[in-house]
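Worksheet: one structure, shown below.
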């Protein structure tokens with residue numbers, strides 16, 4: 001199967017780049033990031049707050065199959081419609097430090113567009129830990145326990 | 001012995017992936033790791049042994065306790081260790097694309 005989403009993670013660097021070309025015009029791709037009700041659908045999360053502007057912020061709340069709530073949040077540094085979003089991203093109640101994200105949206109044609117997501121982590125070690133997290137997919141139990149443990153650390 | 005194959009076999013098991021996730025966040029004792037799983041303690045010990053043998057986990061003596069921590073070097077050797085992360089984004093973006101294609105249709109009505 002064709003891989004539309006590419007990830008560039010150079011060994012020993014504290015950053016990654018995620019790129020994806022969409023079979024959508026730029027305006028629709030950007031709308032999927034702008035409209036809270038649409039973000040909620042594709043991210044599979046509840047959008048508590050999404051204040052799309054410079055100095056704005058967002059809060060997402062995801063409920064896992066066990067009923068545990070996980071909060072993902074960040075602040076927005078730059079919001080240029082159909083062009084650029086600069087923001088932080090944090091998994092609250094975990095030992096993981098926030099990351100800085102640069103999202104760039106560009107048109108490829110009338111009907112196609114591209115997203116480039118440049119993510120910067122506090123350290124190489126943290127980046128590698130975060131990249132390994134999706135091993136958790138399908139083992140929510142371990143993930144929930146991770147949350148439990150992390151919250152006890154606070 | 002084919003170590004590389006063993007590493008992939010090691011991460012093919014969901015409990016062992018769960019263990020790797022746990023210790024990715026912090027070093028833990030065998031007891032603390034076992035308390036996160038419904039599996040019997042000896043079974044978890046066996047998993048820890050396999051993960052240690054293929055060097056995905058390292059043991060560290062701290063006083064009377066033995067702590068397990070992730071060996072990031074070994075994790076990197078897994079050529080496609082990034083694949084689950086990529087798949088997660090691929091799934092999300094596919095969903096985004098599907099939703100917006102429908103949105104476009106609804107919009108043009």
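May I ask you to work out the translational diffusion coefficient for chain A at 4 °C, viscosity 1.567 mPa s, via Stokes-Einstein with Rh from the Kirkwood sum over Cα pairs, reported in whole µm²/s? Before the final figure, lay out each step's value.
Numbers: Rh = 16.8 Å.
For the chosen part, D equals 77 µm²/s.
Apply 1/(1 + (r/R0)^6) to the Cβ-Cβ distance of residue B:43 and residue A:64, taking R0 = 25 Å, and write down the FRET efficiency to the nearest 0.05.
The calculated FRET efficiency here is 0.55.
Using 0.36 nm per residue, how much length does the chain from residue A:49 to residue A:23 gain when fully extended, once their Cα-Cα distance is taken away?
Once the chain is fully extended between residue A:49 and residue A:23, it gains 6.6 nm.
Would you mind estimating how fast segment A:34-102 diffuses translationally, via Stokes-Einstein at 25 °C and 0.890 mPa s with the Kirkwood radius over Cα pairs, in µm²/s? All intermediate terms of the calculation are to be shown ahead of the outcome.
On the way: Rh = 12.6 Å.
For these conditions, the coefficient is 195 µm²/s.
Under the Kirkwood approximation applied to all pairs of distinct alpha-carbon atoms, what is the hydrodynamic radius of segment A:93-134 in Å?
Evaluated over segment A:93-134, this radius sits at 12.3 Å.
Which of B:100, A:43 has the fewest other C-beta atoms within 10 Å, and how do the rest follow up to the most?
On the way: B:100 24, A:43 17.
Neighbour counts put them in this order, fewest first: A:43, B:100.
Take every residue in peptide B:20-30, count the Cβ atoms of other chains within 10 Å of its Cβ, and give the average of those counts.
5
Every read-out reported here was derived from the displayed coordinates using simple, explicitly stated rules and does not represent laboratory data. Bear in mind that the values here come from a model prediction, so they are computed numbers and not experimental data. Using ideal geometry, Cβ is built from the backbone for each residue, glycine included, and neighbour counts are taken over all protein chains shown.
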